[in-house]
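Note sheet for the following structure.
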Amino acid sequence: FFLIIANYGIASPDVAVDAAVAERAKTHPELAPDMQALCWGALSIGGLLAAVTVGSMQAKIGDRQIFGLNAFTGLSIAIPAALGFMQEQREPPHKRNRACDSIKEGFRNPVGKWVFYTAIAVSICSVFLGLLAVLETSHNSDVINGSLTLACAVCVVAPAVWLFLRRVSPVLAKASTFIFLREALQPSTSVLFYWYRRTEENCKKGYPCLDPEFIGLMDAVAYVF
């Protein structure tokens, strides 16, 4: 429940800000790059401040309290977004609920349909791997899930992205395939966190065993560079 609140608190303002920037970019196109730079700059500054302070806060108040604080801050951001703080304009009633029509038009488009095929292929693989992670409970579940995820990414999703999107644009296909393989093959910070954080089990195994303050400093340096 708290994860849902936190994710909603992050996603709702993000969508509202993007919509507000898009609306104002139509009326003030000369300011569109500045508005994008302002949004991303504010996001980076907030992330930098959070990375600097989260390590010491975790050491002082604990993991559960940090989790609760994140849920509270997410809810505090979601409330103004739900009340229309950004003053975004809704579409007229006759233009709403046209998702099915947009999908049908996309599949009829001789070029755009390949983007839909790519999204369907990626979604099917994501659902399959998610169900596998839930249903696989054997003692070798980590090895099985990791091997199947890697095989699915390299042998199924990456070729599908390349084959479908090259019909739209070879440059788009190359860029999309590279970005997907980079994110799939390069461990993310959230994955590495379980390996290098300071726990009794990690220290016994000879892992880096980094304390929270150092991890926060490392994340802060990553934001800068």
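The values are calculated or read from the model by the stated rules, or taken from the named source; none is laboratory data. These numbers were taken from a predicted model, which means no experiment stands behind them. Quick reminder, even Gly has a Cβ in these numbers, built from the backbone with ideal geometry, and neighbours come from all protein chains shown. We work out accessible area using only protein heavy atoms, side chains counted, and drop any ligands, DNA or RNA first. Shrake-Rupley method; radii C 1.70, N 1.55, O 1.52, S 1.80 Å.
Per residue, region 34-83 exposes 69 Å² of solvent-accessible protein surface, assessed with a 1.4 angstrom probe and all protein chains in place.
Placing dummy labels 7 Å off each Cα toward the beta-carbon, the span from Leu192 to Ile61 is 2.7 nm. Each 10 Å bin, from zero up to the one with the longest distance, holds this percent of the alpha carbon pairs of region 132-182: 26, 36, 23, 13, 2. Straight-line cross-link partners of Lys174 among the lysines, defined as a Cα under 28 Å from its Cα and at least 8 positions apart when in the same chain: Lys104, Lys113.
With every protein chain in place and a 1.4 angstrom probe, the accessible-area ranking of Glu213, Glu23, largest first, reads Glu213, Glu23. Summing charges over all other residues whose Cβ lies under 14 Å from the Cβ of Met218, with Lys and Arg as +1 and Asp and Glu as -1, gives -1.
Note on Cys39 and Val154: the model spin-label points, each 7 Å out from Cα along the C-beta direction, lie 3.7 nm apart.
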